[in-house]
Amino acid sequence: MPGKPAVLVTPESPVPLSVWSSRYWFGNSDVTWLKHLIAGGVSGAVSRTVVSPLERMKILFQVQSKGTGTNYSGVFGTLAKIWREEGIAGYMRGNGTNVVRIVPYSAVQFATYEQLKKLLMEEGKTELDTRR
C-alpha cells in the first residue's frame with residue numbers, strides 16, 4: 001500500500017543492528033570522523049584511478065630517452081599506442097601504488113577539514129561564513 005512504511009519500528013519491537021551500522025560498533029557515540037575518513041580515502045582512490053591513464057602517459061614522457069625506438073609524442077598518439085601494445089592493463093599500470101599512497105593522505109585531509117570546520121563554526125550555524 002502506498003504511504004505505509006516498509007518496516008514498522010516500535011519501542012516494543014527492537015530491530016537488530018546490522019554489522020554495517022556504526023551503532024553496532026560504537027554505540028551511540030558520534031562517529032562522523034570515521035565516516036569522513038572513509039569518504040576521503042574512497043574519493044582519493046577513485047580520483048587516482050580515473051586519472052591513471054594520464055599519469056602513466058606523463059611518466060612515459062618523462063622517462064623516454066632520445067634515440068630509442070620507442071617514441072611517445074602527443075596525448076592521443078600515446079594513449080592509442082598504450083592501448084595497442086598493452087590494452088586496458090597498460091592504462092592502469094602503477095595505479096595500485098598510487099592508490100596506496102593517496103588513500104591515507106586524502107582520508108586524513110578530508111577528515112581534518114571536516115573536524116576543524118565543525119570546531120570553528122559558530123553556534124547555530126551550518127556553514128562556515130567569511131566576513132566580507
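The values are calculated or read from the model by the stated rules, or taken from the named source; none is laboratory data. Note that the structure is a prediction, hence the values are computed from the model and not measured. When we count neighbours, we look across all protein chains shown, and the Cβ atoms used for this are built from the backbone with ideal geometry, even at glycine. Surface areas here come from the heavy atoms of the whole protein model, side chains and all, with no ligands, DNA or RNA. Shrake-Rupley method; radii C 1.70, N 1.55, O 1.52, S 1.80 Å.
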Just wondering, is there one or more residues in segment 64-78 that are surrounded by 10 or more Cβ atoms within 10 Å (Cβ to Cβ) and in contact (Cβ under 8 Å) with a residue 24 or more places away in the chain?
no
Is it fair to say L79 is hydrophobic (A, V, I, L, M, F, W, C) and farther than 30 Å from Y113 by Cα?
yes
Using the structure shown, decide if I82 is part of a helix (DSSP H, G or I) and within 25 Å of the chain's Cα centre (by Cα).
no
Sort through A111, A89 and tell me the only one that's surrounded by fewer than 16 Cβ atoms within 10 Å (Cβ to Cβ) and under 24 Å from the mean Cα position of the chain (by Cα).
A89
Determine if segment 34-54 includes at least one residue that is out of contact with any strand residue (DSSP E or B) (no Cβ under 6 Å at 6 or more places or on another chain), at pLDDT below 95, surrounded by fewer than 12 Cβ atoms within 10 Å (Cβ to Cβ) and not aliphatic (A, V, I, L, M).
no
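Being free of Cβ contacts under 8 Å to residues at least 60 places away in the same chain and in contact with a helix residue (DSSP H, G or I) (Cβ under 8 Å, 6 or more places away or on another chain) is the filter; apply it to segment 92-108 and report the residue that is most open to solvent (accessible area, probe 1.4 Å). Reasoning before the result, please.
Just the residues of segment 92-108 that are free of Cβ contacts under 8 Å to residues at least 60 places away in the same chain, to begin with: 92-102.
Of the ones still in play, those that are also in contact with a helix residue (DSSP H, G or I) (Cβ under 8 Å, 6 or more places away or on another chain) are 92-95, 98-99, 102.
On the way: M92: 72, R93: 136, G94: 44, N95: 17, N98: 34, V99: 34, I102: 16 Å².
Restricting to residues being free of Cβ contacts under 8 Å to residues at least 60 places away in the same chain and in contact with a helix residue (DSSP H, G or I) (Cβ under 8 Å, 6 or more places away or on another chain), the top hit is R93.
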